[in-house]
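Asks: So that we are looking at the same thing, I have put the structure below in structure tokens.
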Amino acid sequence: MKAAVLILIVVSLMMPLGAKAPTANDVTVAIAAITDSAICAVAAFLNSPSLELPGAMLHFRSDESLPNLLTFQNSDIGTYLPVFMTTRQPNPSFFASLLNTARGPLNDIAIQYLTVHGWEVGHAVLKGAMVTQWGEGASLAGLMAGVVTSGKIPEITVVADVTVQGRRVSTPVRVEGTFMLHSDDEGYFAVKPLAMKINGEEKGV
């Protein structure tokens, strides 16, 4: 119930009526921002101790160790990279690299996505919410053990309702969609869209 109320509050803050239609590039940027933010949120949570991403907040049910909701309030994805870089050591030794991996098993992946997409402050600012579905019986201890030992993550489903605005889009873009975060058959981290609406219009995936 609390999660539903939070989502309704967030949705009420979405973009104004009468906004112009987003371009294909706007949609591409918005989806990249949302998927990158989901990856970063999971990576930040799995770091020990957990990292705080500006404008992003995790919410937990009282009896669960994994978050069920992630909210964004003017969260600038361009501010995420410095947070993750604080976990890196300059010229790390082999053993320091192993220690970094144990403390933050998805940090390198988050840094890679943020760097490849070249996010800068003001490029993409997020407002909205994501509901996370970790799978029946999942726990933080089990998830961490699996990631560290296998290098893979189990399937994590994210249901998003997020609006993206900033310098890299010409108009605010609202993305309602379901995404799956997982390790593919070759062991690479991947994000797969399952369903999506852009500004209320159904889009093929």
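The values are calculated or read from the model by the stated rules, or taken from the named source; none is laboratory data. Here the structure is a predicted model, which is why all the values come from computation and not from measurement. Note that we place each Cβ from the backbone using ideal geometry, even for glycine, and neighbour counts take in every protein chain shown. Only protein heavy atoms, including side chains, enter the accessible area calculation; ligands, DNA and RNA are left aside. Shrake-Rupley method; radii C 1.70, N 1.55, O 1.52, S 1.80 Å.
Asks: Looking only at the range 36-56, filter to residues that are touching a Phe, Trp or Tyr at 6+ places or on another chain (Cβ under 8 Å) and not in a helix (DSSP H, G or I); which one of those is surrounded by the fewest Cβ atoms within 10 Å (Cβ to Cβ)? Even if it seems obvious, please write down each step before you answer.
Replies: Within the range 36-56, the first condition is being touching a Phe, Trp or Tyr at 6+ places or on another chain (Cβ under 8 Å), and the residues that meet it are 36-40, 43-44, 51, 53-56.
Within this subset, residues satisfying the condition of being not in a helix (DSSP H, G or I) are 51, 53-56.
Values: Leu51: 21, Leu53: 24, Pro54: 15, Gly55: 18, Ala56: 23.
Taking the candidates together, the pick is Pro54.
Asks: Restricting to the range 194-205, give me the number of residues that are within 19 Å of Asp36 (Cβ to Cβ) and open to solvent by 50 Å² or more (accessible area, probe 1.4 Å).
Replies: Residues flagged as within 19 Å of Asp36 (Cβ to Cβ) and open to solvent by 50 Å² or more (accessible area, probe 1.4 Å) within the range 194-205 amount to 3.
The rows are residues; the columns are (1) among the charged types (D, E, K, R); (2) within 17 Å of the chain's Cα centre (by Cα); (3) closer than 18 Å to Leu69 by Cα.
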{"site": "Pro105", "(1), (2), (3)": "no, yes, no"}
{"site": "Ile109", "(1), (2), (3)": "no, yes, no"}
{"site": "Gly118", "(1), (2), (3)": "no, yes, no"}
{"site": "Gly122", "(1), (2), (3)": "no, no, no"}
{"site": "Lys127", "(1), (2), (3)": "yes, yes, yes"}
{"site": "Gln133", "(1), (2), (3)": "no, yes, yes"}
{"site": "Ala138", "(1), (2), (3)": "no, no, yes"}
{"site": "Ala141", "(1), (2), (3)": "no, no, no"}
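Asks: With (1) farther than 20 Å from Ile109 by Cα; (2) assigned to a loop (DSSP other than H, G, I, E, B); (3) open to solvent by less than 70 Å² (accessible area, probe 1.4 Å) as the list, and Pro154 as the residue in question, which single condition is left unmet?
Replies: It is condition (1) that Pro154 fails.
Asks: Inspect all residues belonging to the range 93-112 and state whether any of them is in contact with a helix residue (DSSP H, G or I) (Cβ under 8 Å, 6 or more places away or on another chain), open to solvent by less than 80 Å² (accessible area, probe 1.4 Å), modelled with pLDDT of 90 or more and among the hydroxyl-bearing types (Ser, Thr, Tyr).
Replies: No, the range 93-112 contains no residue that is in contact with a helix residue (DSSP H, G or I) (Cβ under 8 Å, 6 or more places away or on another chain), open to solvent by less than 80 Å² (accessible area, probe 1.4 Å), modelled with pLDDT of 90 or more and among the hydroxyl-bearing types (Ser, Thr, Tyr).
Asks: Related question: Taking the range 57-72 as the region of interest, how many residues are open to solvent by 20 Å² or more (accessible area, probe 1.4 Å), at pLDDT below 85 and not polar (S, T, N, Q)?
Replies: So the answer is 3.
Asks: Let me ask another. Within the range 39-52, can one find any residue that is under 14 Å from the mean Cα position of the chain (by Cα) and more than 18 Å from Ile156 (Cα to Cα)?
Replies: Scanning the range 39-52 turns up at least one residue that is under 14 Å from the mean Cα position of the chain (by Cα) and more than 18 Å from Ile156 (Cα to Cα).
Asks: Oh, and also: Could you list, in sequence order, all residues of the range 164-193 that are open to solvent by 80 Å² or more (accessible area, probe 1.4 Å) and more than 19 Å from the chain's Cα centre (by Cα)?
Replies: Passing the criteria: Arg167, Asp185, Glu186.
Asks: So, in the range 73-92, exactly how many residues are out of contact with any helix residue (DSSP H, G or I) (no Cβ under 6 Å at 6 or more places or on another chain), open to solvent by 40 Å² or more (accessible area, probe 1.4 Å) and within 17 Å of Pro105 (Cβ to Cβ)?
Replies: Of the residues in the range 73-92, 4 are out of contact with any helix residue (DSSP H, G or I) (no Cβ under 6 Å at 6 or more places or on another chain), open to solvent by 40 Å² or more (accessible area, probe 1.4 Å) and within 17 Å of Pro105 (Cβ to Cβ).
Asks: Can you confirm whether Val148 is open to solvent by 20 Å² or more (accessible area, probe 1.4 Å), among the aliphatic types (A, V, I, L, M), more than 15 Å from the chain's Cα centre (by Cα) and at pLDDT below 85? If you could, list the steps in order and put the result at the bottom.
Replies: Details: open to solvent by 20 Å² or more (accessible area, probe 1.4 Å): yes; among the aliphatic types (A, V, I, L, M): yes; more than 15 Å from the chain's Cα centre (by Cα): yes; at pLDDT below 85: yes.
Yes.
Asks: Among all residue pairs at least 6 apart or on different chains, which show Cβ distances below 6 Å where the first residue, located in the range 62-77, is touching a residue at least 24 places away in the same chain (Cβ under 8 Å) and outside any loop (DSSP other than H, G, I, E, B) and the second is of a type outside the set (A, V, I, L, M) and open to solvent by less than 20 Å² (accessible area, probe 1.4 Å)?
Replies: The qualifying pairs are Phe72/Gly128; Ile77/Ser37.
Asks: Another one. For the range 120-140, which positions are open to solvent by 50 Å² or more (accessible area, probe 1.4 Å), in a strand (DSSP E or B) and hydrophobic (A, V, I, L, M, F, W, C)?
Replies: None - no residue of the range 120-140 is open to solvent by 50 Å² or more (accessible area, probe 1.4 Å), in a strand (DSSP E or B) and hydrophobic (A, V, I, L, M, F, W, C), so the list stays empty.
Asks: Shifting gears a bit: Keeping to the range 172-203, report how many residues are in contact with a strand residue (DSSP E or B) (Cβ under 8 Å, 6 or more places away or on another chain) and part of a loop (DSSP other than H, G, I, E, B).
Replies: Start the filter on the range 172-203 by keeping residues that are in contact with a strand residue (DSSP E or B) (Cβ under 8 Å, 6 or more places away or on another chain), which leaves 172-184, 189-200, 202-203.
Now narrow it down to the ones that are part of a loop (DSSP other than H, G, I, E, B): 172, 184, 199-200.
The qualifying residues number 4.
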